[in-house]
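As C-alpha cells, the structure follows; a few thoughts come after it.
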Amino acid sequence: MQLEQLVEKFREKDMSAFETLYGMYADNICGVINTIVRNEARSQEICQDVFVKIWDNATTYNASKGRFFTWILNIARNAAIDEIRSRSYKNEKKNLSADYFVSVLESKEEESVDTMETKGLRKLVKTLKKKCVQLIELLYFRGYTQKEAAEELAIPVGTVKTRNRSCISKLRENMGER
Amino acid sequence: MDVQEYIASGILELYVAGILSEKENLEVHTYAQEYPEIKAEIEAIEAAVLEISHKATNLPAKGFETLKPRLENSGETKVIPIQRKPVSWTAYIGWAASILLAIGLFGYTTKTKHWNPN
C-alpha cells in the first residue's frame, strides 16, 4: 500500500494502518528521542506516549502541513525536549549540548567488533564531515531553526540551508554506494 | 519556475526537517503535487534522514502489541466515571459544629455590643 493511502487510513483511525506506520517509523522516533533524553528506559516510555498522542491526534494531521514523518518527528522532539526541561535533568545542563549524535558516531567508529549496524553506519558517515553530522543533529533531531543552528555552529544563517543540502546529498551518495 | 534551481536551494531538506514557516510549507507542498521531480526529491531526502536516524540512534522500539491496549483505551472514548461514595454522618459533624459556632459568635457579639470598658 502507498504511504499516502496508509496515512489516509490512519487519519480515519484504522488500527492496522497505524501498526504498519509504527513498524516503518517507531525505531527512528524512539532513537531520536533517546539522542535528546539519553536514558533508554525513559526514552522507550516517552516513545510509547508519543505514539499514543499521534493516534489521539490522527484527525488533526493534514498533508499540507508537511510529511507524515516530519509531523511525528516534531511531536517526538517536543516530547523529548519537555522531558529534559523538567525534572532532574535541570542539573545536567552541560549534557544538553548538541554533540550526542556526534559522540555516538565516534564511539561506534571506535568499536572493534563490527556488527552489521556499525558497519552500515560507518559506511554511511565515512565521508561526512563532523560539521555535517552536527548540522543534521541540530536540524533533524532537535528541530533547531536555521537561525538557532547558525548561532550554535557560529556560521552565517544563509550558509545553513546550502550546507545542509550538501550534507544530505553526501549522505544519499553514501547510501547509493552500498 | 525552475525546478532544478528550486531543488538545489536546499528548501526541501528543511521541509523534511519540519522547520519551515507555515507559508513556505504550503508552498513546498503545492509544488510537490505539481512537479513529480520535487516529490521524488522530498522522498529521497526523507529516506536519507530515516536511514541515518535509524543507524545512528539504534534504540529499537517496543513491539506494537505493547502499545495497542493503550490505543484502544485512548482518545475520545476515554471517560472516567465519577464514583460517588455514600457520605457518612461523620462528614456532617464538621458542618454542624461550625454552624453552632457561628450562631454562638453571633449571640455573643450582639450581647456585648453595648459593652463599654469604662
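The values are calculated or read from the model by the stated rules, or taken from the named source; none is laboratory data. Every value quoted in this text rests on a predicted model; they were computed, and no experiment measured them. We place every Cβ from the backbone using ideal geometry, glycine too, and count neighbours over all the protein chains shown. When the accessible area is computed, the model is the full protein with side chains, heavy atoms only, and any ligands, DNA or RNA have been set aside. Shrake-Rupley method; radii C 1.70, N 1.55, O 1.52, S 1.80 Å.
Considering only helices (runs of 4 or more DSSP H) fully contained in region A:36-129, which possess at least 3 residues that are at pLDDT below 70?
A:100-110, A:116-125
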Could you identify the single residue in B:94, B:18, B:107, B:75 that is at positive phi, at pLDDT below 90 and not charged (D, E, K, R)? B:75
Take region A:127-178 and flag every residue that is among the aliphatic types (A, V, I, L, M) and either within 8 Å of chain B (Cβ to nearest Cβ) or touching a residue at least 60 places away in the same chain (Cβ under 8 Å) (or both). A:136, A:139, A:168, A:171, A:175
Give the residues of region A:50-60 that are open to solvent by less than 10 Å² (accessible area, probe 1.4 Å) and more than 9 Å from every other protein chain (Cβ to nearest Cβ), sorted by residue number. A:50, A:54
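Restricting to region A:148-161, count the residues that are open to solvent by 70 Å² or more (accessible area, probe 1.4 Å) and under 19 Å from residue A:70 (Cβ atoms).
Final tally of qualifying residues: 1.
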Unique residue being surrounded by 12 or more Cβ atoms within 10 Å (Cβ to Cβ), polar (S, T, N, Q), more than 24 Å from residue B:21 (Cβ to Cβ) and modelled with pLDDT of 75 or more when the list is A:164, A:174: A:174
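Got a sec? Which of B:62, B:68, B:39 is modelled with pLDDT of 90 or more, surrounded by 14 or more Cβ atoms within 10 Å (Cβ to Cβ) and assigned to a loop (DSSP other than H, G, I, E, B)?
Details: B:68 fails: assigned to a loop (DSSP other than H, G, I, E, B); B:39 fails: assigned to a loop (DSSP other than H, G, I, E, B).
On inspection, the qualifying residue turns out to be B:62.
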In region A:1-49, which residues are open to solvent by 50 Å² or more (accessible area, probe 1.4 Å), within 10 Å of chain B (Cβ to nearest Cβ) and touching a residue at least 40 places away in the same chain (Cβ under 8 Å)? A:13
